[in-house]
Structures are given as structure tokens and as C-alpha cells.
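This report concerns only the one structure given below.
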Amino acid sequence: MGKIVYLMGKSASGKDSMYARLLSEKSLGLKPLVTYTTRPMRDHEEEGVQYHFISEEQMRTFEKEGRIIEERMYPSVIGPWYYATVDDGKTDFEGTDFLVIGTLESYLKVRDYFKERPAIHVIPVYMEVEDLTRLKRALAREEAQDSRNLEEMCRRFLADQKDFSEENLQAAGIGRRFANNENMESCFGEILGYLQGME
């Protein structure tokens, strides 16, 4: 059985750091499932690492070819940004275990997509951070950028409050939570034990 470990959390919950930590854990043997986006690349990001950065025209080509597993659009303050999981032929979903970062909405779509393929198990991993801590982290991240966009940071913060509401989490069947308020190593240890217990 192949696994897709679906890492989720509100903005500034530490997903990128946890993603890197889980990928480097050899005992898990996870490979990155790199998704696609039309949003601009941030200062610290690299093509093919965090995302495949493409144009909206390229996204529509994938759509015409029937290769999009799930797609989302976010109305940023500088225009619409699209995110998508694409069956791009680069992944053997049934023979490999993957790790991906996404939203609750995208998790549900990927989970439902693979219901038709019982050899693949989609595992949700939801990281939780206290709101004030999250806001401080988001501000620190913006301060480190060459080009700051506080309006977009605030939009994302408020949108995540709605998207990851308790009601939505319960409806999606997300019971287990992993707190990442102060000690990422402790959070990593909990997630590691959880995933190793599934093997």
C-alpha cells in the first residue's frame, strides 16, 4: 500500500519546517509530492522544492489534459492565486510513500480522489498553533522578506480561521492534532510516532 501523508495547518504553523524534518527522517522513507501554484515565489523558495511555480496558462493546460487531482483559488490582494495537485506522471502513487503540504479543502479532494484506488492511503496530519503565536511568526516572516505584504498576511490569517474552523475539522474527520506552539522537536516526535505506528 502506498501512503500520502497530508500535512496541514493554518498559516505560520510551522508546516514548511516540519515538512523538511519529516522528509529527512530516513525511517519514514517519504518522498516529496510537489504541488503546483501560480503565486509568486517567496525569497527563500526554490522551484520544484516547495512548489512547481507555473503560469495560469500552464495550469489551464493541465486542466484540459485532465491531469488535475484537485485545484484551489485564493483571491489574494494582488490577484487570484491557484494551487493544484497534479498527476504529472512523475509519481508512482501505488509504490511509494509521499509527503505533501496542503489545506483541509485540498486534503478532502485528494482523499476522495484516491478512494477509487484502495492501494493508496491518505493520512491527515494536522498541526495546531495558538493564534497569538501564529500571528507573531507570520509577522516575523514578513519582516524577513525583501518585499513585504502585510495586507496579504492578514487576509491569510483570517481566511485560515474560517477554513480550519473546528466545525470543518470535525466534518473532515480530523480528530488527532499535533501542537507546535513552542517545541518543534516534541511535535516532530509525536508525528513520527504516529506515522511509525501505522506501518
Within segment 5-30, restricting attention to residues that are polar (S, T, N, Q) and not in a helix (DSSP H, G or I), which residue is surrounded by the most Cβ atoms within 10 Å (Cβ to Cβ)? 13
Would you check which residues across segment 86-133 are over 26 Å from residue 193 (Cβ atoms) and buried (at least 20 other Cβ atoms within 10 Å of the Cβ) and list them? 86
Here are the criteria: (1) modelled with pLDDT of 90 or more; (2) surrounded by fewer than 16 Cβ atoms within 10 Å (Cβ to Cβ). Tell me which single one residue 174 does not satisfy. (2)
Residue 73 fails exactly one of (1) among the hydrophobic types (A, V, I, L, M, F, W, C); (2) under 17 Å from the mean Cα position of the chain (by Cα); (3) under 30 Å from residue 198 (Cβ atoms), namely (3)
Being among the basic types (Lys, Arg) and modelled with pLDDT under 95 is the filter; apply it to segment 40-70 and report the residue that is nearest to the chain's Cα centre (by Cα). 42
Quick one: count up the residues across segment 103-162 that are of a type in the set (A, V, I, L, M, F, W, C) and farther than 18 Å from residue 13 by Cα. 7
How many residues are at pLDDT below 90 and part of a helix (DSSP H, G or I) if we restrict to segment 106-130? 4
Report every pair of residues separated by at least 6 positions or lying on different chains whose Cβ atoms are under 6 Å apart, first residue within segment 149-162 and part of a helix (DSSP H, G or I) and crowded, with 16+ Cβ neighbours inside 10 Å, second among the basic types (Lys, Arg) and at pLDDT 85 or above. 160/10
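The values are calculated or read from the model by the stated rules, or taken from the named source; none is laboratory data. Predicted model, so just to flag it, every value in this text is computed and none were measured. All Cβ positions, even for glycine, are placed from backbone atoms using ideal geometry, and neighbour counts span all protein chains on display.
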